[in-house]
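Peer 1: Once you've had a glance at the structure underneath, I'll fire off some questions.
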Amino acid sequence: MSQQAEPVITRRLPGRSVLVTGAGSGFGAEIAIRAAQEGARVGVHYRSSKAGAEEVAARVRDLGGEAVLFQGDIALWDDIRRVADEAFAAFGGLDVLVNNAGDVAREQMSWRDITEESIDHVLDVDIKGTLLCTHEFGARMLDQGHGSIVNIGSTVVVRGSARAPQYAAAKYGILGLTKSYAHAFAPSVRVNVFAPGFIETAATLGRKDWQSGRGDQLRSLTPMGRIPAPAELAGTALFLATDDAAHITGTYMIADGGYNMVGA
């Protein structure tokens, strides 16, 4: 198995403000930490993972950074409006929003197990929540004259999901809303999708199918020879919010170790 060298972390976001939704655990937590390492002031959003969000904020402060906690349910429009107002007030504007919060229907192991409740919840959080966050934060960014929004997608849109069709459908919806708002907000606010492949979060590592051989199978099918931990991809997600990506909007960027080999 190939080894990943320690990353060289450059300060691509000095003094900028970055809010990450769903930052109390998993990938969102590592994006928040990486933003701090790159010099940003960090907004740590959570719905129910208060302890996790406080731990992330403490890690940011240990790095010498500034962290502000924001609580809200992204499936509720009033909550999103409130969090957007609070964030813009706390930071005196907002440079970057990373829409990471979502539901992957992790407990569902087969399409046969799908429920109407799961369909409604996944679509509510992944599509409605991402759309409304893009709408509310993006409108405020448009008023201030600049900003960047990174919506966290998935390579599930390439291959679909026999396990959880509602999850694949939701991530397809994020592509449509991203392109729509990229048109609406241009040229001052950019909107893009970052699409990771499989990530070995604590939740993924705890899945029974992962432990019983699926993880090993996927590693063997990945040209890069490994499934990354969240911290490895956090900087890749933030690339879309940096000045190096200033001419990128309405696009879909994949980081999956070559697993899907998507063509033009």
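Read-outs throughout are calculated quantities, based only on the coordinates presented, and are distinct from any laboratory measurement. For clarity, every value in this text was computed on a predicted model and none was experimentally measured. Cβ: placed from backbone, ideal geometry, glycine included. Neighbour counts: every protein chain shown.
Peer 1: So if we plug the beta-carbon distance of Ala184 and Val262 into 1/(1 + (r/R0)^6) with R0 = 25 Å, what FRET efficiency do we get, rounded to 0.05?
Peer 2: Values: r = 26 Å, r/R0 = 1.05.
Approximately 0.45, to the nearest 0.05.
Peer 1: Next up: Arranged by the count of other C-beta atoms within 10 angstrom, fewest first, what order do His247, His183, His45, His121 take?
Peer 2: Numbers: His247 7, His183 11, His45 29, His121 16.
Ranking His247, His183, His45, His121 by Cβ neighbours within 10 Å, fewest first, gives His247, His183, His121, His45.
Peer 1: Which loop-located chymotrypsin sites (Phe, Trp or Tyr not before Pro) does the range 121-181 contain, where loop means any DSSP state but H, G, I, E or B and the Cβ has at most 10 other Cβ atoms within 10 Å?
Peer 2: In loop regions of the range 121-181 (DSSP not H, G, I, E or B), there are no sparsely surrounded chymotrypsin sites (Phe, Trp or Tyr not before Pro).
Peer 1: Suppose every Lys and Arg Cβ carries +1 and every Asp and Glu Cβ carries -1, with no other charges. What dipole size does the chain come out with about its Cα centre, to the nearest 20 debye? Display every interim value, and only then the final one.
Peer 2: Details: 25 positive and 30 negative charges, 103 e Å.
Computed charge dipole of the chain: roughly 500 debye.
Peer 1: The range 109-214: percent of C-alpha pairs farther apart than 19 Å? Don't skip to the answer; put the middle values down first.
Peer 2: Numbers: 2888 of 5565 pairs.
Of all Cα-Cα pairs in the range 109-214, 52 percent lie more than 19 Å apart.
Peer 1: Where the centre of each part is set by its Cα atoms, how far does the range 11-83 sit from the range 136-167, in angstrom?
Peer 2: Centre-to-centre distance over Cα atoms comes out at 17 Å.
Peer 1: Mind listing the long-range amide H neighbours of Val68? Cut-off is under 5 Å, sequence gap 5 or more, other chains count too, H placed in the peptide plane at 1.01 Å from N.
Peer 2: Val42, Gly43, Val44
Peer 1: Right, here's the next one. Using the 10 angstrom Cβ neighbour count as an exposure proxy, how do Asp85, Asp103 rank, fewest first?
Peer 2: Final ranking by Cβ density, sparse to dense: Asp85, Asp103.
Peer 1: Divide by every residue of the chain the summed helix terms, -39500 (n - 2.57) for each DSSP H run of at least 4, and state the resulting mean residue ellipticity at 222 nm, rounded to the nearest 500 deg cm²/dmol.
Peer 2: -12500 deg cm²/dmol
Peer 1: Among Ile254, Ile152, which comes first, then next, by fewest other beta-carbon atoms within 10 Å?
Peer 2: Ile254, Ile152
Peer 1: Inverting the mean 1/r over all pairs of different Cα atoms, compute the Kirkwood radius of the chain and quote it in Å. Write down the numbers at each step before the final one.
Peer 2: Numbers: mean 1/r = 0.0540 Å⁻¹.
It is 18.5 Å.
Peer 1: Quick one: putting +1 on the C-beta of Lys and Arg, -1 on the C-beta of Asp and Glu, what dipole do you get for the range 1-151 around its Cα centre, in Debye to the nearest 20?
Peer 2: Result for the range 1-151 is approximately 620 debye, rounded to the nearest 20.
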